[in-house]
1. Specify which labelled value, from (1) 1, 6, 12, 15, 16, 14, 11, 9, 7, 5, 3, 1, 1, 0; (2) 1, 6, 15, 20, 21, 19, 12, 5, 1, 0, 0; (3) 1, 6, 14, 18, 20, 16, 12, 8, 4, 1, 0, agrees with P(r) over Cα pairs in 5 Å bins from 0, in percent derived from the coordinates of the model shown.
2. What trypsin sites (Lys or Arg not before Pro) in region 1-86 are in a loop by DSSP, with at most 15 other Cβ atoms within 10 Å of the Cβ?
3. Is region 146-237 best put as rounded, prolate or oblate by its Cα gyration tensor, with a ≥ b ≥ c the root eigenvalues, rounded for a/c under 1.5, and otherwise prolate when a/b is larger than b/c, oblate when not?
4. Could you pull out the GluC sites (Glu not before Pro) across region 1-78 that fall in loop regions by DSSP (anything but H, G, I, E, B) with no more than 11 other Cβ atoms inside 10 Å?
5. How much of the DSSP bridge set in the chain is antiparallel, in percent, rounded to the nearest 5?
6. Taking the Cα centre of the chain as the origin and placing charges on Cβ (Lys, Arg +1; Asp, Glu -1), which of LEU233, ASN181, PHE17 is farthest toward the positive end of the dipole?
7. From the protein chains alone at 1.4 Å, what is the descending order of accessible area for LEU76, LEU139, LEU13, LEU93, largest first?
8. Where the centroid of each part is defined by its Cα atoms, how far is region 1-76 from region 102-138 in Å?
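The values are calculated or read from the model by the stated rules, or taken from the named source; none is laboratory data. Since this is a predicted model, take the numbers as computed values, not measurements. Counting neighbours? That spans all protein chains shown, and the Cβs are built from the backbone with ideal geometry, glycine included. Ligands, DNA and RNA are excluded from the accessible area calculation, which covers all protein heavy atoms including side chains. Shrake-Rupley method; radii C 1.70, N 1.55, O 1.52, S 1.80 Å.
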Amino acid sequence: MEFKIKPLGETGLLVNFGDTISPEIHRKIKTLADYLQMHPFVGMQEYVISYTSVAVYYNPFIVRKNALPNRDKSALQIVIKTIKDYIQKAENLPQKPAKVVEIPVCYGGQYGPDIEFVAEHNGLSVQEVISIHTKPEYLVYMIGFCPGFPYLGGMDERIATPRRTTPRLQIPARSIGIAGNQTGGYPISTPGGWQIIGRTPVEMFRPEDEEKPSLLNSGDIVKFVAISEQEYLALRNGESK
C-alpha cells in the first residue's frame with residue numbers, strides 16, 4: 001500500500017494515500033481509520049478523515065512517556081513507526097461490509113425550491129432530475145463542514161449544477177442539495193450556497209445521541225428514495241410523537 005507521512009506541527013501527522021478522489025483510495029483511508037478506532041495507541045487524541053488522507057493527532061508528552069524502549073526517539077518518530085505498523089496490520093484484515101442507509105426525500109415544491117433551476121440548467125425535466133438523483137448508490141467519503149454533513153461521491157454528471165451566485169443565509173435542516181458535481185444534505189440549519197432540490201424527514205444529526213450523533217459516517221452507502229409530501233409529513237409526525 002503506497003502512502004506518504006508528513007508532520008502537522010508538533011502534535012499531529014498526515015497520512016496521505018494519493019491525490020485523487022476515488023473509492024480505492026477511500027478504502028485505504030477507511031482501513032487505517034477503522035484500525036485506529038479499534039486500537040488507539042497510547043497518547044492518540046483523535047483522527048480526521050478527508051478525501052485522500054487521515055490526520056492523526058496525539059499528545060507528544062504521553063507518547064514519549066509510554067514509549068520506554070524508544071526514549072531516544074521523538075514523539076513524531078514513535079508515532080510514524082506506529083502508523084506504519086498499523087497500516088501493515090490493517091491490510092490483512094477482512095473488509096467490513098458497508099452500511100447502506102436509505103434516505104427518503106420529498107423533492108421540489110417548498111422542500112426543493114431549486115430543482116426547477118437544476119432541471120433547466122441541464123436540459124431535463126424535474127422528474128428526470130429526481131430519477132437520476134435517486135438511481136446511484138453514493139459513497140460517504142467523509143463528514144465535515146457542519147456536524148453530520150456528508151460528502152458524497154457518485155452523483156451523475158447529468159445533473160451537475162453550479163452553486164448559487166448568492167448563498168442563502170439560512171437553509172432548513174435536512175435539506176438535500178447539489179453543488180457542482182456533488183450532492184449532500186444539510187443536517188442542521190445553516191447558511192449555504194447549494195442548489196436545494198428536496199428535504200428528508202429523517203434527522204441526520206442527533207446531538208442527544210452521544211455515541212452516534214451522525215446518521216451517516218465515512219464508508220457508508222447512501223440511497224435516496226423519492227417520497228410524496230404526504231409521506232414526508234407522515235414520517236415527520238411519526239418521529240415527533
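1. The value matching this structure is (1).
2. On the way: sites: LYS4, ARG27, LYS28, LYS30, ARG64, LYS65, ARG71, LYS73, LYS81, LYS84; in loops: ARG71, LYS73.
Answer by residue number: ARG71, LYS73.
3. Working: a/c = 1.37, a/b = 1.29, b/c = 1.06.
Rounded is the answer for region 146-237, as its axis ratio a/c remains below 1.5.
4. Values: sites: GLU2, GLU10, GLU24, GLU46; in loops: GLU2, GLU10.
Listed in order of number, the matching sites are GLU2, GLU10.
5. Values: 35 of 42 bridges.
Once the DSSP bridges in the chain are tallied, antiparallel ones form about 85 percent.
6. PHE17
7. On the way: LEU76 50, LEU139 25, LEU13 0, LEU93 75 Å².
The ranking, largest first, comes out as LEU93, LEU76, LEU139, LEU13.
8. Spelled out, the Cα-based centre of one part sits 39 Å from the other.
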